[in-house]
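The values are calculated or read from the model by the stated rules, or taken from the named source; none is laboratory data. From a predicted model like this one, the values you see are computed outputs, not experimental measurements. Please note: Cβ atoms are built from the backbone with ideal geometry, for glycine as well, and neighbour counts cover all protein chains shown. Only protein heavy atoms, including side chains, enter the accessible area calculation; ligands, DNA and RNA are left aside. Shrake-Rupley method; radii C 1.70, N 1.55, O 1.52, S 1.80 Å.
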Amino acid sequence: MPSFKSILTIKMLKNISDTEIQKALKRVLIKKGIKNESKNIEKRQISRERLKENDNPKIQSSSLTSITGPSNQVSSQNVLDKSTQMATQPIQDVKQSETRKKAKPIKTTGTARSSLKFNPIAKEHSAELKILKDPTGKLYTNGDYEDFFDLTTDKFNKLYKLMLKRAEVHSSEKINRILRLTSPIDVSVIGLINEIRETKNGHYIMNLEDLTGTVNALIRKNAKDQDSFKMAQRSIPDQMVYVEGSYNPGDSARSKGIIFANSITKIDIPYNFKANRASLPLSLAMISDTHIGSKEFEEKLWNRFIKFLNGKLGDRDAAGKIKYIIINGDLIDGVGVYPDQKEDLIIPDIFDQYKKAAEMFSEIPEYIKIIYSPGNHEPVRNAIPRPAVPKKYVSELLDIGVKCVGNPTMVSTHGVNTLAFHGDSMLDLNLMVPGLDTNHPEKTMKEIMECRHLAPIFGKKTQIAPTNTDWLTIDKIPDIFHTGHVHINGMDTYKNVQLVNSGCFQSQTDFMRSLGITPTPGVVPIVELDTLNGIKLDLKNH
Ligand code: D5M
Ligand code: FE
Ligand code: ZN
């Protein structure tokens, strides 16, 4: 087998049968900039072709700090101790001690960083990665009205099934049976909110729909159960609710029946939900919105991240635990995503943007498994769910072992399930739900978890593809919920689910400035898979 210093070519690589060794060697080739000329010529030809409609139909639109993980395992005291310790520990270049310098180099198995004198635990364990949910290749649509109908019916049925898991809902009635009632009586009903509005007196009226009909429910502002009133205030169309109250059939000739609601409940997460944890002390780093190709891509911060991963900056223990990196969309800035984007690009060709991504990833230690899921800047359709980025763009990433999946996706790493969703719907939620805003993505994420749907509202800014089944219901509760898109880092826990918005690696663009969005580039959330504690790696302040 040729050594790395020899003249390694793609031709020689093809003769090597072991795929793992091939991937490792390809990383070296990418790093060294050794090119396969014929492949490159082919790529240029594709790059000159106009992107096909279904590839890119979106022309308009648009110091280490540790935080407490879910409470059911680690004591908060431990976490605080760690937090104080880590927060005061500046990220500095690691000066290797004399003894380290003299130490025998660690034998590496063909990694690009063979001179590394840092002994990452993640290297000692093989990856245990399973893709539990991936819409790629499963997105069926005829492109007509029927699909929207099928999608809504499927969404209703999926959410209904989840709602039925709540003990109190078993006596609920179908709406058509309620409408047949002729005298006042207590009822309960499960429905999707068709419409919701505040009356001039400050009460809320919601029109609920199930597969049998629609009925109105009134929630009074002076209701005994103020939690339910607040729930109504925070409710938006297309969310599923369970309503208990008394039905007044009205005078059927002149007025319709109405439910005077006593309580409103969303599906939510059971209070006793117990998150999975890995048995090994390994971690998952979550990133998104690098926007490679944009003038505002923060390459210096990225290079610090690479140094950190290679044990050359900051906390080596934390770095050495990282076994997985999930990239949750907007890896590249793309082309034609918004009008006049060209002026904001330093790399105007999408293939060159991916080439740069491959170069950057080739610096990531090879024992780290990278999972890549697309956002709204990738060359796939803008409407969610999205399939994985087509091979023609990401062949170099695939060559070095990057796992490309669709969005949203559910990924199991050492038994811990992460739901990665780019976060397209978060802007709509922030606009519609009082108390939510871009600066606190973790609050928006709680709302998503509570209603158990990734894009609960139809017909606003979020484009939802009319697939015949619903991919956006959160049927399986994740241990980690990861979003991006808003470019602002945020972490919290909600009922034992670790919430992570991964921020970005792009500084403020003119567009963001015009919207008053102040991004947080260079803050990388890392979650320990054995404790689910979250750590924020802040690359900017050092
Ligand atoms: O989104 C970059 C930032 O801009 C992020 O904070 C969301 C916000 N954004 C994106 N599109 C819109 C629209 N249409 N209105 C308001 N705010 C928006 P990115 O996906 O990286 O372009
Ligand atoms: Fe983005
Ligand atoms: Zn985005």
Review point. Among (1) closer than 30 Å to residue 120 by Cα; (2) open to solvent by 10 Å² or more (accessible area, probe 1.4 Å), where does residue 418 come up short?
Key: (2)
Point to revise | Sole residue being away from ligand 3 (no atom under 16 Å from the Cβ), among the small types (Gly, Ala, Ser) and either in contact with an Asp or Glu (Cβ under 7 Å, 6 or more places away or on another chain) or in a strand (DSSP E or B) (or both), chosen from 412, 395 | key: 412
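Restricting attention to the stretch 450-491, report how many residues are on the phi > 0 side of the Ramachandran plot and within 16 Å of ligand 1 (Cβ to nearest atom). Working first, answer last.
At the first step, the residues of the stretch 450-491 found to be on the phi > 0 side of the Ramachandran plot are 452, 459, 485, 487.
Among the residues that remain, those that are also within 16 Å of ligand 1 (Cβ to nearest atom) are: 459, 485, 487.
Counting residues in the stretch 450-491 that are on the phi > 0 side of the Ramachandran plot and within 16 Å of ligand 1 (Cβ to nearest atom) gives 3.
Would it be correct to say that residue 357 is within 26 Å of residue 122 (Cβ to Cβ), of a type in the set (A, V, I, L, M, F, W, C), within 16 Å of ligand 2 (Cβ to nearest atom) and touching a helix residue (DSSP H, G or I) at 6+ places or on another chain (Cβ under 8 Å)?
Working: within 26 Å of residue 122 (Cβ to Cβ): yes; of a type in the set (A, V, I, L, M, F, W, C): yes; within 16 Å of ligand 2 (Cβ to nearest atom): yes; touching a helix residue (DSSP H, G or I) at 6+ places or on another chain (Cβ under 8 Å): yes.
Yes: the conditions hold for residue 357.
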Exercise for review: Run residue 371 past the list (1) closer than 20 Å to residue 291 by Cβ; (2) within 16 Å of ligand 1 (Cβ to nearest atom); (3) out of contact with any Gly (no Cβ under 9 Å at 6 or more places or on another chain) and report the number of the one that doesn't hold.
Suggested key: (2)
Check your understanding: Do any residues in the stretch 123-144 that are closer than 17 Å to residue 529 by Cα have Cβ atoms under 8 Å from those of residues that are surrounded by 15 or more Cβ atoms within 10 Å (Cβ to Cβ) and among the charged types (D, E, K, R), where the two are at least six apart or on different chains, and which pairs are they?
Key -> 125/323; 127/323; 127/369; 129/369; 129/403; 131/403
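Mind listing whichever residues of the stretch 474-489 are more than 15 Å from ligand 3 (Cβ to nearest atom) and crowded, with 23+ Cβ neighbours inside 10 Å? Please lay out each step first, then the result.
Taking the stretch 474-489 and keeping what is more than 15 Å from ligand 3 (Cβ to nearest atom), we get 474-481.
Those that are more than 15 Å from ligand 3 (Cβ to nearest atom) and crowded, with 23+ Cβ neighbours inside 10 Å: 474, 478, 479, 480, 481.
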Review point. Are there any pairs with C-beta distances below 8 angstrom linking a residue in the stretch 502-521 that is on the phi > 0 side of the Ramachandran plot to a residue that is within 10 Å of ligand 1 (Cβ to nearest atom), with the two at least 6 apart or on different chains, and if so which?
Key: 503/288; 503/289; 503/484; 503/487; 503/488; 503/519
Review point. Which of (1) out of contact with any helix residue (DSSP H, G or I) (no Cβ under 6 Å at 6 or more places or on another chain); (2) within 28 Å of residue 191 (Cα to Cα) is the odd one out, the single condition residue 515 does not satisfy?
Key: (2)
Review point. So which pairs qualify, if the first residue must be in the stretch 416-427 and farther than 15 Å from residue 488 by Cα and within 11 Å of ligand 1 (Cβ to nearest atom), the second must be at pLDDT below 95 and not in a loop (DSSP other than H, G, I, E, B), the Cβ gap must be under 6 Å, and the two must be at least 6 apart or on different chains?
Key: none
Exercise for review: Output yes when any residue across the stretch 378-389 is touching a strand residue (DSSP E or B) at 6+ places or on another chain (Cβ under 9 Å), at pLDDT 95 or above, more than 26 Å from residue 469 (Cβ to Cβ) and not hydrophobic (A, V, I, L, M, F, W, C), and no when none is.
Suggested key: no
Check your understanding: Within the stretch 394-415, can one find any residue that is more than 16 Å from ligand 1 (Cβ to nearest atom), polar (S, T, N, Q), at pLDDT 95 or above and buried (at least 20 other Cβ atoms within 10 Å of the Cβ)?
Key -> yes
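Restricting to the stretch 125-147, what's the tally of residues that are of a type in the set (Asp, Glu), touching a strand residue (DSSP E or B) at 6+ places or on another chain (Cβ under 8 Å) and open to solvent by 70 Å² or more (accessible area, probe 1.4 Å)? Let's see the steps before the verdict.
Start the filter on the stretch 125-147 by keeping residues that are of a type in the set (Asp, Glu), which leaves 128, 134, 144, 146-147.
Next cut, touching a strand residue (DSSP E or B) at 6+ places or on another chain (Cβ under 8 Å) only: 128, 134.
Retained after the next criterion (residues that are open to solvent by 70 Å² or more (accessible area, probe 1.4 Å)): 128.
Looking only at that region, the number is 1.
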